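All remarks here apply to the structure that follows.
The values are calculated or read from the model by the stated rules, or taken from the named source; none is laboratory data. The shown structure was predicted, so the numbers you read here are calculated from the model rather than taken from an experiment. Glycine also receives a Cβ, built like all others from the backbone with ideal geometry; neighbour counts cover every protein chain displayed.
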Amino acid sequence: MIRGIRGATTIEKNEANEIIDATEELLREMIRANDVKASDVASVLISATEDVTAAFPAQALRRIEDWTYVPVMCMQEIPVPHSLPRCIRVMMTVHTTKAQEEIAHIYLRNAVQLRPDLSLTRKKEL
(Lines give C-alpha, C1' and ligand atoms only; values in the text may rest on other atoms or scores of the structure.)
Protein backbone atom coordinates (compact mmCIF):
# COMPACT_ATOMS: atom_id res chain seq x y z
CA MET A 1 0.00 0.00 0.00
CA ILE A 2 1.20 3.53 -0.69
CA ARG A 3 0.55 6.13 2.02
CA GLY A 4 1.39 9.76 2.57
CA ILE A 5 3.02 10.94 5.77
CA ARG A 6 2.57 14.63 6.54
CA GLY A 7 4.78 16.81 8.65
CA ALA A 8 5.42 20.47 9.32
CA THR A 9 7.64 22.68 11.40
CA THR A 10 8.54 26.34 11.70
CA ILE A 11 11.72 28.37 12.02
CA GLU A 12 12.36 31.54 13.99
CA LYS A 13 14.80 33.13 11.52
CA ASN A 14 15.33 32.80 7.78
CA GLU A 15 18.86 31.43 8.15
CA ALA A 16 20.32 28.48 6.25
CA ASN A 17 21.43 26.49 9.29
CA GLU A 18 18.10 26.94 11.03
CA ILE A 19 16.14 25.90 7.92
CA ILE A 20 18.20 22.76 7.40
CA ASP A 21 18.36 21.84 11.11
CA ALA A 22 14.59 22.25 11.62
CA THR A 23 13.83 20.24 8.50
CA GLU A 24 16.21 17.48 9.54
CA GLU A 25 14.58 17.33 12.98
CA LEU A 26 11.16 17.00 11.33
CA LEU A 27 12.27 14.36 8.81
CA ARG A 28 14.00 12.25 11.47
CA GLU A 29 10.89 12.34 13.66
CA MET A 30 8.65 11.36 10.73
CA ILE A 31 11.01 8.48 9.92
CA ARG A 32 11.23 7.34 13.55
CA ALA A 33 7.52 7.60 14.33
CA ASN A 34 6.54 5.63 11.23
CA ASP A 35 9.48 3.20 11.09
CA VAL A 36 10.30 4.32 7.54
CA LYS A 37 13.19 2.88 5.58
CA ALA A 38 14.62 4.87 2.66
CA SER A 39 14.06 1.94 0.29
CA ASP A 40 10.30 2.17 0.99
CA VAL A 41 10.05 5.86 0.03
CA ALA A 42 8.70 6.80 -3.40
CA SER A 43 9.42 10.54 -3.01
CA VAL A 44 9.52 13.45 -0.60
CA LEU A 45 7.98 16.83 -1.39
CA ILE A 46 8.98 19.76 0.78
CA SER A 47 7.28 23.13 0.62
CA ALA A 48 8.14 26.36 2.38
CA THR A 49 6.35 29.63 2.84
CA GLU A 50 7.63 32.56 0.78
CA ASP A 51 9.60 33.91 3.77
CA VAL A 52 11.87 30.83 3.85
CA THR A 53 14.55 31.60 1.26
CA ALA A 54 18.01 31.21 2.83
CA ALA A 55 18.39 27.51 1.91
CA PHE A 56 16.64 24.57 0.29
CA PRO A 57 15.01 22.57 3.11
CA ALA A 58 15.59 19.41 1.03
CA GLN A 59 19.29 19.62 1.86
CA ALA A 60 18.39 18.15 5.24
CA LEU A 61 17.47 14.82 3.69
CA ARG A 62 21.03 14.40 2.41
CA ARG A 63 22.28 14.45 6.01
CA ILE A 64 20.41 11.23 6.77
CA GLU A 65 22.33 8.03 6.18
CA ASP A 66 21.03 5.76 3.38
CA TRP A 67 18.68 8.46 1.97
CA THR A 68 20.98 9.48 -0.90
CA TYR A 69 18.79 8.06 -3.67
CA VAL A 70 15.39 9.16 -2.37
CA PRO A 71 13.86 11.67 -4.82
CA VAL A 72 13.18 14.99 -3.09
CA MET A 73 11.84 18.30 -4.38
CA CYS A 74 11.31 21.73 -2.84
CA MET A 75 8.57 24.15 -3.78
CA GLN A 76 6.96 27.32 -2.48
CA GLU A 77 3.66 27.29 -0.61
CA ILE A 78 0.74 29.34 -1.91
CA PRO A 79 1.00 32.73 -0.15
CA VAL A 80 -2.38 32.69 1.58
CA PRO A 81 -3.05 35.82 3.68
CA HIS A 82 -2.64 35.26 7.44
CA SER A 83 -1.12 31.79 6.97
CA LEU A 84 1.51 30.46 9.37
CA PRO A 85 4.82 32.25 8.67
CA ARG A 86 8.25 30.63 8.30
CA CYS A 87 6.69 27.21 7.84
CA ILE A 88 8.20 24.13 6.21
CA ARG A 89 5.88 21.28 5.23
CA VAL A 90 6.74 17.74 4.15
CA MET A 91 4.78 15.10 2.25
CA MET A 92 6.57 11.74 2.29
CA THR A 93 5.08 9.05 0.05
CA VAL A 94 5.93 5.56 1.29
CA HIS A 95 5.18 1.90 0.74
CA THR A 96 3.81 0.51 4.02
CA THR A 97 1.52 -2.11 5.50
CA LYS A 98 0.15 0.40 8.02
CA ALA A 99 -3.49 1.42 7.89
CA GLN A 100 -4.17 5.09 7.22
CA GLU A 101 -5.12 5.74 10.85
CA GLU A 102 -1.82 4.19 12.01
CA ILE A 103 0.28 6.77 10.19
CA ALA A 104 1.86 9.31 12.55
CA HIS A 105 1.73 12.77 11.01
CA ILE A 106 4.26 15.00 12.75
CA TYR A 107 3.80 18.67 13.59
CA LEU A 108 6.58 20.45 15.48
CA ARG A 109 7.08 23.89 16.98
CA ASN A 110 4.45 26.44 15.89
CA ALA A 111 3.21 24.09 13.16
CA VAL A 112 1.24 22.18 15.82
CA GLN A 113 -1.52 24.74 15.21
CA LEU A 114 -1.95 23.47 11.64
CA ARG A 115 -3.37 20.14 12.86
CA PRO A 116 -3.85 20.25 16.64
CA ASP A 117 -6.17 17.24 16.35
CA LEU A 118 -3.34 15.05 15.07
CA SER A 119 -0.74 16.60 17.36
CA LEU A 120 -2.80 15.91 20.49
CA THR A 121 -3.45 12.32 19.41
CA ARG A 122 0.25 11.67 18.91
CA LYS A 123 1.21 13.18 22.29
CA LYS A 124 -1.17 10.78 24.05
CA GLU A 125 0.30 7.79 22.20
CA LEU A 126 3.95 8.74 22.84
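Please work out if Ala8 is at pLDDT 95 or above and surrounded by 14 or more Cβ atoms within 10 Å (Cβ to Cβ). Give the derivation first.
Numbers: at pLDDT 95 or above: yes; surrounded by 14 or more Cβ atoms within 10 Å (Cβ to Cβ): yes.
Yes: the conditions hold for Ala8.
Name, by its number, the condition in (1) surrounded by fewer than 12 Cβ atoms within 10 Å (Cβ to Cβ); (2) of a type in the set (Ser, Thr, Tyr); (3) free of Cβ contacts under 8 Å to residues at least 60 places away in the same chain that does not hold for Thr97.
Only one criterion in (1) surrounded by fewer than 12 Cβ atoms within 10 Å (Cβ to Cβ); (2) of a type in the set (Ser, Thr, Tyr); (3) free of Cβ contacts under 8 Å to residues at least 60 places away in the same chain is unmet by Thr97, namely (3).
Give me the residue from segment 26-61 that is among the basic types (Lys, Arg) and more than 14 Å from Thr9 (Cα to Cα) and, out of that set, nearest to the chain's Cα centre (by Cα). Spell out how you get there, then give the answer.
The initial filter retains those residues of segment 26-61 that are among the basic types (Lys, Arg), namely 28, 32, 37.
Then keep just the ones that are more than 14 Å from Thr9 (Cα to Cα); that gives 32, 37.
Details: Arg32: 12, Lys37: 15 Å.
Residue satisfying both the conditions and the ranking: Arg32.
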